[in-house]
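Report on one structure; see the data block that follows.
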Amino acid sequence: MNNLYAPIVVLLAIAAAFVAVSVVTSVNVGPRRYNRAKYDSYECGIQPTPHAVGGGRVPMKYYITAMLFIVFDIEIVFLYPWAVSFDLLGPFALAEMVLFVATVFIAYFYVLRRGGLEWD
């Protein structure tokens with residue numbers, strides 16, 4: 001029974017050793033030039049503006065993009081196992097997957113038509 005878990009333990013040990021060696025190497029070999037710009041938060045080149053006390057408003061485009069990513073990520077999660085066992089499932093599974101993909105694409109075209117993917 002213990003022999004079944006030996007490859008997993010060895011893989012975890014190799015991964016932990018790689019992480020430790022990478023961190024120690026980057027600390028010892030990396031440049032040590034600290035300045036004010038290095039400690040500033042990364043804002044994609046845009047100068048940060050002060051926000052209100054409550055944190056300010058966040059545009060809804062960010063949330064819509066995140067929800068679209070989740071929808072298509074879930075679609076991939078369902079499509080991958082289906083594609084792996086496609087030969088075993090038969091025509092009923094093909095019809096079900098076509099309905100599933102059609103539903104997702106209807107939602108995608110709705111968002112596309114409403115302008116959810118256009119950045120101002």
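The values are calculated or read from the model by the stated rules, or taken from the named source; none is laboratory data. What you are looking at is a predicted structure, and each value in this text was computed from that prediction instead of being measured. Every residue, glycine as well, gets a Cβ built from its backbone with ideal geometry; the counts of neighbours run over all protein chains shown.
Can we say residue 11 is surrounded by 10 or more Cβ atoms within 10 Å (Cβ to Cβ), aliphatic (A, V, I, L, M) and modelled with pLDDT under 85? The answer is no for residue 11. Screening the candidates 84, 111, 98 for the property of being aliphatic (A, V, I, L, M) and modelled with pLDDT of 85 or more yields one hit, 98.
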